[in-house]
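See below for the structure under consideration.
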Amino acid sequence: MTADPFTGLLAGARAEGWSPVLLDLTGVTAKPALMDRFARALDLPDWFGRNWDALADSLGDLPRGERGLLLIVTGWQAYAEARPEEWAVAREILDSATGPDLCAVLALGGSH
């Protein structure tokens with residue numbers, strides 16, 4: 001069994017007071033699946049609207065650790081290629097939500 005390459009990063013982030021979340025988008029090529037993955041990874045409520053505005057609002061309301069929330073996005077490349085305009089919107093939402101207590105990181109390379 002291969003160890004998850006993000007295990008050390010997640011443990012290190014926790015040790016530094018961050019609340020790390022791994023968002024794996026492997027295989028996602030449509031917006032409904034993208035929203036489902038966000039909802040699962042971030043443990044969003046059932047009433048999450050699964051649209052851009054709801055995602056932006058939800059990112060501002062997430063619980064944070066002492067230092068903040070570290071969102072590590074993996075496997076995003078297929079979605080970016082299949083839906084470049086939608087991915088641009090998702091990136092804009094992540095960029096807008098990023099601040100002192102939320103750090104969104106797009107992992108390069110393959111998914112874990």
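The values are calculated or read from the model by the stated rules, or taken from the named source; none is laboratory data. All of these numbers come straight from a predicted model, not from anything done at the bench. Cβ sites come from the backbone with ideal geometry, for glycine too, and all protein chains shown count toward neighbours. Only protein heavy atoms, including side chains, enter the accessible area calculation; ligands, DNA and RNA are left aside. Shrake-Rupley method; radii C 1.70, N 1.55, O 1.52, S 1.80 Å.
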**Message:** Let me spell it out: the conditions are (1) of a type outside the set (Phe, Trp, Tyr); (2) within 21 Å of Leu108 (Cα to Cα); (3) open to solvent by 20 Å² or more (accessible area, probe 1.4 Å), and Gly75 meets all of them except one. Which number is the exception?
**Reply:** (3)
**Request:** Scan (1) open to solvent by 70 Å² or more (accessible area, probe 1.4 Å); (2) farther than 19 Å from Leu108 by Cα for the single condition Asp95 breaks and write down its number.
**Result:** (2)
**Complete:** Within the stretch 12-56, residues closer than 13 Å to Leu69 by Cβ, part of a loop (DSSP other than H, G, I, E, B) and open to solvent by 40 Å² or more (accessible area, probe 1.4 Å) come out as Glu16, Asp43
**Asked** So Leu108 clears everything in (1) modelled with pLDDT of 90 or more; (2) of a type in the set (A, V, I, L, M, F, W, C); (3) closer than 20 Å to Gly12 by Cα except one condition, right? Which one?
**Response** (1)
**Prompt:** Which of the residues that make up the stretch 98-112 are open to solvent by 20 Å² or more (accessible area, probe 1.4 Å), in contact with a Gly (Cβ under 7 Å, 6 or more places away or on another chain) and either without any contact (Cβ under 8 Å) to a residue 24 or more places away in the chain or not in a loop (DSSP other than H, G, I, E, B) (or both)?
**Reply:** Cys103
**Request:** Name every residue in the stretch 16-50 that is touching a helix residue (DSSP H, G or I) at 6+ places or on another chain (Cβ under 9 Å) and closer than 15 Å to Arg83 by Cα, in order of residue number.
**Result:** Leu25, Thr26, Gly27, Val28, Thr29, Ala30, Lys31, Ala33, Leu34, Met35
**Asked** With respect to the numbered conditions (1) outside any helix (DSSP H, G or I); (2) among the aliphatic types (A, V, I, L, M); (3) open to solvent by 50 Å² or more (accessible area, probe 1.4 Å), which one is the sole condition not fulfilled by Val89?
**Response** (1)
**Request:** Give the number of residues within the stretch 64-93 that are without any contact (Cβ under 8 Å) to a residue 40 or more places away in the chain and within 17 Å of Asp36 (Cβ to Cβ).
**Result:** 2
**Asked** Is it true that Leu59 is touching a residue at least 12 places away in the same chain (Cβ under 8 Å), within 26 Å of Glu16 (Cα to Cα) and either among the hydrophobic types (A, V, I, L, M, F, W, C) or open to solvent by 20 Å² or more (accessible area, probe 1.4 Å) (or both)?
**Response** yes
**Complete:** With the first residue restricted to the stretch 29-46 and required to be basic (Lys, Arg), and the second required to be in a loop (DSSP other than H, G, I, E, B) and buried (at least 18 other Cβ atoms within 10 Å of the Cβ), Cβ contacts under 7 Å at 6 or more apart or on different chains are Arg37/Leu25; Arg37/Val28
